[in-house]
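Every number here is computed from the coordinates shown, using simple stated rules; none is lab data. Everything quoted here is computed from the prediction, not taken from an experiment. Backbone-built Cβ (ideal geometry, glycine too); neighbour counts: all protein chains shown.
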C-alpha cells in the first residue's frame, strides 16, 4: 500500500491513543507557552533583564521565605530580575532553534531530495557529503570557530545551522527514494511534468511530514547545543541571558542559592521535553492519517 | 496505416548490484521483443509475474530507456519525442490505484495535472475539461474535491483513468488495471475501459496475468515468458487452439468454479522462472512437459500457428523429425 512509506515504525503499537494525543496536546501547550513568552514576555515583565541592582543580589523567589512579588523568580548574582532574564532567554532559545532548523532544513532537504531523486552519481556525491559531515564533531568545530572569530549570537546560529543538517539529508534522501518509485510519480512523468514540477508537487508534499518530525528533533537538539555552548562560554556572549549561560553563571552559587541553577535548568528541560512530545505526537497523528 | 505502437527488437537488461566488490548480476527483463499494435485494437499481454510484462509497459511509456531496440508510437520514435508531445499521445493506467494517486492532492488537481504539465492550457479551460472527464468516468463534481484516501478502490481507478484520458491521448497502456480491485468492481472498470475505447477510438496495450480479463478485452494476445513473446495470435484463435505448451499450461491453470477439482495440476512443476538465470535453448524447456533433445540445445524460431499468429516452439517445426515421436513417447510414459 502507498501508505507504507508514510506509516512510522511502531505507530500501530506503543502507548494507547488517548495518551499519545495527550502527549501532543501537552507538547503543543509547552511549546506554545514558551513561544508566547519569547514573543511577548519581555514587554510584559516590568524589569529590564540587563539592569543590575548590586544591593539586591540573589534575592530569593516568591515561594521561599523572604521572597516577594517584586522579583517572582528572585534575582541573580548581579541583582538582575530572574524572570525577565528567563523570558528573554526563551526568546534566544526559540530564535536559535528556529533559525537552525530553517538553515539546516534547507541544506539537508535539498541535498537529500536531490540524491534520492536523481540517484546514481548525484546520490554518491550526496552520500559522500553526508559521510563527511557525520565525521565532523560539532562541538569541536564550534570551539575552533568561536576561538577564531569570537563568540556572537549570529555565529552560534551559523555554526549550528551549517552543521545540523545531516538528519534532514538522511531522512529526505531515503523517503524521496521510496516516493520516487511510486506510481503517482511515474504517472507524473507520463503526463509530461518537468523534473522541478515532480519534485515540488509530487515528492516534497509526501515527504514533508517526515521532515516536520525531524525538524522538531533538530530544534530540540539545537536548543540543547546552544545551551551547552553557552555554558562552555562559546555560545551567546554575556550579558545576553541565554539559558545555558544562566546555568553557567549560576553554578558558583548553587550551594547557597540552588534556585539560580534550577530555574533555567528546569526551563530548558521542559522546553526540550515539550518539543519532543510535539514531534512524537505529530508523527503519530500524520502517520495514522496516511495509513487510512 | 502506421501502427499505434510498434516495438522493434526491444531488450532491457537490469544490472543488479550485489555488493561493493562483487560483479553486478545481469537480469534480462525483456529480451528481443518485436510487435506492432494497429490503431484501434487491443493487444493483451499475459504472463506470470516476473516475465517482464511490466518492464515492457515501462519501456513503451518511456519510463525506462531500452538497452537495445526502439519503441515507435504513432510512427515516431519515443526517444526523440518531446515529453509533452509524448504525453498527448500515450498515457498509463497503473495497477494499484492506492499508489498511483498522490495522497496529498485533491482528485480534481490529480486529474488536472497532465493539463497543467502541458503549460499552455488556461486554468478555466483545464477546470472545464477536468469536470467533463470526471463526469465521463462516473465521478461527481463533489468527489473531485476529495482526497484519494476518501475514495474506494474502484473510484480511485476511475480517477486514474480520468487522469490518463484528460489529454485525449490515442494510446493507453493499462498495466494490470483491475488486479488490485475487488472482483465486484473489476467488471465495472473493464466495462468503463471498453466503453471509453469505443467512444474515443483508443488503442490499448493491456497487460494482465488474468486470462479471463484478457480474453474479454483483447483483440490480439501476446504470451510472455522470461522476457520473450513466445506466442502471439488473434485472441479467439489463441484461446481456441493454443500452440505453445506454455500457453496451454496457462489456459489449463485457470481455476474452474467446479467444486472438488481444486487447483489444477498443469505439469509446470514448482520451479519459478528466474530472469537472472535464463535457461539455454528454449527458455521454457526446464518446465515444459513436452521438452525433447533439441529444446535445451537450440532456441526455437517463430513458427506460424493456426489463425495467423506464431509460436516459438520446436514442436511446430514442420521439418523436425524428432519432435512428434518423442512427444508421443513422453505422453505414454
Return the FRET efficiency for the residue pair residue A:25, residue B:118: r is the Cβ-Cβ distance, R0 is 60 Å, and the value is rounded to the nearest 0.05. 0.85
For region B:132-161 versus region B:53-128, the gap between their alpha-carbon centres in whole angstrom: 18 Å
To the nearest 0.05, the calculated FRET efficiency linking residue A:106 and residue B:16 through their beta-carbon distance, R0 being 35 Å, is 0.50
What spacing in nm lies between the two simple spin-label points modelled at residue A:255 and residue A:196, each 7 Å away from Cα in the Cβ direction? 6.6 nm
Computed over region B:126-247, the ratio Rg/Rh where both radii use C-alpha atoms and Rh is Kirkwood: 1.03
Per residue of B:110-117, how many C-beta atoms from partner chains lie within 10 Å of its own C-beta, taken as a mean? 4
Taking Cα atoms, the helix A:120-134 axis meets the longest principal axis of chain A at an angle in degrees (rounded to 10) of 20 degrees
How far apart, in nanometres, would the label points at residue B:278 and residue A:52 be if each is projected 7 angstrom from Cα along the Cα-to-Cβ direction? 8.5 nm
If I model a spin label as a point 7 Å beyond the Cα along the Cα-Cβ vector, how far apart are those points for residue B:240 and residue A:121 in nm? 5.8 nm
Quick one: helix B:183-200 against the long Cα principal axis of chain B, what's the angle to the nearest 10°, folded into 0 to 90? 70 degrees
If R0 = 41 Å, then residue A:158 and residue B:106, at their Cβ-Cβ distance, give a FRET efficiency to the nearest 0.05 of 0.55
May I ask for the Kirkwood hydrodynamic radius of the protein assembly as shown, worked out over all distinct Cα pairs and given in angstroms to one decimal? 29.2 Å
Using DSSP, restrict attention to beta bridges with both residues in the protein assembly as shown and report what percent are antiparallel, rounded to the nearest 5. 60 percent
For a label point 7 Å from the Cα of residue B:132 along Cα→C-beta, name the residues of region B:177-209 whose backbone N is under 14 Å from it. B:200
Express the relative contact order of chain B as a whole percentage, based on alpha carbon pairs under 8 Å and six or more residues apart in sequence. 19 percent
Mind sorting B:53, B:108, A:251 by how few other Cβ atoms lie within 10 Å of their own Cβ, fewest first? A:251, B:108, B:53
Connecting every pair of Cα atoms under 10 Å apart in chain A and solving the GNM, the largest mean-square fluctuation among A:194, A:230, A:104 falls on A:194
Proxy reagent accessibility, fewest Cβ within 10 Å first, across B:156, A:133: A:133, B:156
